[in-house]
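K.L.:
Sharing a structure with you now.
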Amino acid sequence: MIEVYVAKNIVTMNPSLPEATAIAIRDGEILEVGSLESLSPWLIRDEYQIIERFQDCVIVPGFIDPHLHPAMAAVILPMHFITAMPWTLPWCEVPASLTPHAFDQEMQRICAAVNDEILIFWGHHDLWHGAMHRDRLDAIDADRPIVAWNRSFHELHMNSACMAQLGMTEASISGRTQIDFEKGRFFENGLAFAIQKLNPYILSDTRFTLGLERLKQVVHAGGHTTIGDMAVGLFDFERELATAVAIFERDDTPFRIEQVPHGAVITHNRSFEQTQALLSDLSANSTHRLNFRARIKLFSDGAFFSELAQLLSPGYLDGHTGEWLTAPEVLHEHILNFWQAGYQIHVHVTGDMGVEVALDGLAKAQAEYPRLMHGFTLEHMGYATPEQIERAKALGASVSANIYYLHELSGRYAELSVGYERAATMGRLKTCFDAGITTALHSDFTMAPAQPLLNMWVAVNRLNAQGDQMAPAECLNPNQALAAVTINAAKILGIESFTGSLRAGKRGDLTVLSDNPLTVDPLRIRDIRVVATVFEGRVAPIENA
Amino acid sequence: MPPLKTLNAFNTSLEGRPLTVIAGYLGAGKTTLINRMLAEAEQPFAVIVNDLGALAVDEALIAGQQGATLSLTNGCACCQISADLAAQLARLRQEKFSALVFEASGVAKASRLATLTSQAEGYALAKVVTLVDGQDVPRLLADTYLSPLIKEQIAAADWVLQTKRSEGLHPSLASLSTKVGQLPSSGPLPAALAPAYRLDQSGRLEAGIKAPLFQHRVIFPKPDLAPGVLQTFITDHPEIERVKGWLVGPTDVVFVQATRAHFQAQAGAGAQGQGLQFIWRGDSELDFSALT
């Protein structure tokens, strides 16, 4: 049976035939993209059914987010969101809470509605919600343990009942840095102490499973048909693997997960031969939706949100320096090992010095053992110079960028971190496209919302949270932005042979939208609704769409 | 579904067992030093290795495998959501190790380790010791990628020890810190490292290693000194904590290892060295004339 979807418009991302109005799918495979008329040679030879439910919609290739972290999402998604920005979560609408009073009211409402062992609220932000304090949480409920986690994730407050339940006393806390007992405040390194105490709770099987179930909904609601887990083993390799199979390898999961192992974890205590044997084994035992392939994730410099990106001169405004996650020479050795074994290598790079070290490694590898179409990818790439982008092109590298940095951080970083020029040019994506580099967008969820249309909107408009347009010369056009969440993202994961665009022979992975992102007012791209997805020919409608 | 790593998050005792951080870039000699510390230690101590990014995994090289490895993958606090650190500290607390030595990853900043380890429940940060390869230091300080890190590791340490260079402190090291010393390439370790993990007789910890509570000296005993004389000397001087070295007899060399509780003289150990190392408590001198 052939299923033929008709739509107002089908954007194929296949440059030879960029637009269509009908698409025929049989057994999960695209037979042809064209019009009802052009499809007739297929339709006269087999039974078919015309599906009209999306005839007023626009169909694009199924969205691909090549870099997010399900395990991290599983920790945060079971928390109760109380945020300054409204969030549309598949299981609830989170209203905007813009005042301290509104925040407290939300806490009270949730407190009355649920009976969690420890109530964890996420999203507190001083600017909107006022200073948090232990007493303030005690006033919400003095008997139930409550945690108010900051939007930044780098700080939390607890009420007295929570501190008591976790066995924290003034004596056990005294002398520790970045903890304020009086206020119940734990931040940065102090947060690590609080997390040690909360770990058994936030990583419990029940919550972790709930978190992954919710992630499944988030991924679907974003319109994805493929995501990349870009560091399997972030918390616990075996556990992540086992839970992923249990929760995602089911008929009701309308997407696949491309799994890329955390290089430092997978090579730990193993010779390279042993690592390779393990990875071959994992690839061979991949299931239908969960796939390991010859891919590896490596790390160069520190976290972007923590201002630990390694910067070339002139560095940070305050003179602090970033951090290496891997010693440069060790990174180079890892790169060379995996390079010679034919792997697609993904390197986490946030600052331009991090980029430089990764490109040095790639240059050495190319000199020693030249490869074409190798898919070496710079992941995140917050800061990079135009010259580095040219070098990346010459060496054959690709870019998978977190463009949300620009929206969330560029205003603040201009004032407080790196100055205007470098803040404005973070996510230098037009330069990448002009150089001919395969360039994709990702959310790094939970670092940014897992909403490809939102990321496209940022890449096209380059508006930061304060509403200022940053370096308009780096704006992508809508077609480039759509490529960055479809065909280019597929190339980043090395799966472009079967998904990422709509053409005969690829899998029937589609995203159905309420409007056309290529023709709508660019400022409205993020308002386009995701109506449904089709994963390998099976429709998965999105509720409330 | 595999079970969650068991945690004992509700153990709140803060006993303050000393935690020593050994920092330094790759090849500085951290693992070698820890192996020497293990060889000299009388009380077992735990080692935690944080080298997740490294290729030649130091953990495998740590003698006796007393420790554990954990990953502190980057400086971002939200990445601390991992069962590892809490679980390992909890386990080590159960096993009643007298002390903990933390081998930092080669790229860890010393200052951050100091703040981070100050959160380790049941342990009190005693000292951050940074090792620097005295041969390699000019290259490291000239390296664009590494120079800020190396300088930070030196500046933020309580104590900097030069390794792998015998011809005195490298001038650039001396100019970066006033707290620089030389790690002897063989023989007993500086006393300030050794006592960090020793319990006193009542089972209580000594006062950590921040204060210079111990002195050490190598003496050359007179020929034919009988082991019994040395043993008596140790008994008569209760401040002596440790003696290790060789007695040269008429026909043989005797290897001696002694602590307050324990005296061992082993003949036929071969002429591997000479001299006796003494470590004693307090700041008064010892009179060795009975032995030399």
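K.L.:
Using DSSP H assignments, which helices in chain A have an axial alpha-carbon span of 15 Å or above and a mean Kyte-Doolittle hydropathy of 0.5 or higher?
P.N.:
A:237-248
K.L.:
Can you work out the Karplus-derived ³J(HN,Hα) for every residue in region A:59-71? Use 6.51 cos²θ - 1.76 cosθ + 1.60 with θ = phi - 60°, whole Hz, and x for glycine or proline.
P.N.:
Calculated HN-Hα couplings, in order: 10, 10, x, x, 5, 10, 9, x, 8, 9, 10, x, 5 Hz.
K.L.:
Compute from the Cα atoms of region A:1-156 the Rg and the Dmax, the latter being the longest Cα-Cα distance, and quote both in angstrom.
P.N.:
Using the Cα atoms of region A:1-156, the pair Rg, Dmax is 24.7, 74 Å.
K.L.:
Tell me which residues come under 5 Å, amide H to amide H, from A:V232 once H is placed; ignore anything under 5 positions away on its chain.
P.N.:
It is A:V260, A:H262, by chain and number.
K.L.:
Which residues, if any, in region A:188-225 have at least 40 Å² less accessible area in the whole protein complex than in the isolated chain, probe 1.4 Å?
P.N.:
Listed by number, the residues meeting the 40 Å² cut-off are A:N189, A:A192, A:I195, A:Q196, A:K197, A:N199, A:P200, A:L203, A:D205.
K.L.:
Using only the Cα atoms, what convex hull volume per residue in Å³ does the protein assembly as shown have?
P.N.:
170 Å³
K.L.:
I need to check one value: relative contact order of chain A, counting alpha carbon pairs closer than 8 Å and at least 6 residues apart, in percent.
P.N.:
Relative contact order comes out at 17 percent.
K.L.:
How much of A:S97 can a 1.4 Å solvent probe reach, expressed as accessible area in Å² and rounded to 10?
P.N.:
About 0 Å², rounded to the nearest 10.
K.L.:
What net charge do the residues around A:A489 carry, taking every other residue with its C-beta under 11 Å from that of A:A489, with Lys and Arg at +1 and Asp and Glu at -1?
P.N.:
Cβ neighbours under 11 Å give a net charge of -2.
K.L.:
Rg(Cα) of region A:216-256 divided by 2.2 N^0.38 Å?
P.N.:
1.19
K.L.:
Over both sides of the A-B contact, add up the buried accessible area with a 1.4 Å probe and give it to the nearest 100 Å².
P.N.:
About 4800 Å² of accessible surface is lost on pairing.
K.L.:
Please list, in chain and number order, the residues 5+ apart from B:K109 or on another chain whose amide H is under 5 Å from its amide H, with Hs placed from the backbone.
P.N.:
none
K.L.:
Same structure, new question: Can you give me the C-alpha center-to-center distance between region A:159-194 and region A:12-63, rounded to a whole angstrom?
P.N.:
Rounded to whole Å, the Cα centres lie 59 Å apart.
K.L.:
Quick check on chain A: helices-only [θ] at 222 nm, where DSSP H runs of length 4 and up contribute -39,500 (n - 2.57) each and the sum goes over total residues. Nearest 500, please.
P.N.:
Helices in chain A give a 222 nm mean residue ellipticity of -10000 deg cm²/dmol.
K.L.:
Would you be so kind as to list the residues of region A:294-327 that have their accessible area lowered by at least 50 Å² in the full protein complex compared with their chain by itself (1.4 Å probe)?
P.N.:
Relative to the lone chain, where solvent access is computed with a 1.4 Å probe, region A:294-327 loses at least 50 Å² at A:T321, A:E323, A:W324, A:L325.
K.L.:
Taking θ = phi - 60°, what integer Hz values does the Karplus form 6.51 cos²θ - 1.76 cosθ + 1.60 yield along region A:47-53, in sequence order, with x for Gly and Pro?
P.N.:
5, 8, 9, 9, 9, 9, 4
K.L.:
Moving on. Under the classification rounded if a/c is under 1.5, otherwise prolate if a/b is larger than b/c and oblate if not, where does region A:294-494 fall, given a ≥ b ≥ c as square roots of the Cα gyration tensor eigenvalues?
P.N.:
It is oblate, given that a/c is not under 1.5 and a/b is not larger than b/c.
K.L.:
Tell me the per residue accessible area of region A:75-202 using a 1.4 Å probe; a whole number in Å² is fine.
P.N.:
Result: 39 Å² per residue.
K.L.:
Given H placed on each backbone N at 1.01 Å, which residues far from A:G184 in sequence or on other chains put an amide H within less than 5 Å of it?
P.N.:
For A:G184, whose amide H was placed from the backbone, the distant partners under 5 Å are A:R134.
K.L.:
Tell me, what % of the accessible area of the protein assembly as shown is carbon and sulfur with a 1.4 angstrom probe?
P.N.:
Here it works out to 52 percent.
K.L.:
When the convex hull of the Cα atoms of region A:381-478 is projected onto a plane and the area is averaged over all directions, what value comes out in nm²?
P.N.:
5.8 nm²
K.L.:
If you don't mind, there's one more thing I want to ask. How large is the Kirkwood hydrodynamic radius of region A:75-202, in angstrom, based on all distinct alpha carbon pairs?
P.N.:
It works out to 14.6 Å.
K.L.:
Rg over Rh of region A:425-533, using C-alpha atoms and the Kirkwood radius, what does it come to?
P.N.:
Computed over Cα atoms, the ratio is 0.96.
K.L.:
Around B:I150, what is the net charge, scoring Lys/Arg as +1 and Asp/Glu as -1 over all other residues with Cβ under 12 Å from its Cβ?
P.N.:
-1
K.L.:
In the neighborhood of A:L308, defined by Cβ-to-Cβ distances under 9 Å, what is the net charge if each Lys or Arg adds +1 and each Asp or Glu adds -1?
P.N.:
Charge balance in the 9 Å sphere: -3.
The values are calculated or read from the model by the stated rules, or taken from the named source; none is laboratory data. These figures come from a predicted structure and were not determined experimentally. Cβ coordinates were reconstructed from backbone atoms using ideal geometry, including for glycine residues, and neighbour counts include every protein chain displayed. Remember, those area values only see protein heavy atoms, side chains included, never the ligands or the DNA or RNA. Shrake-Rupley method; radii C 1.70, N 1.55, O 1.52, S 1.80 Å.
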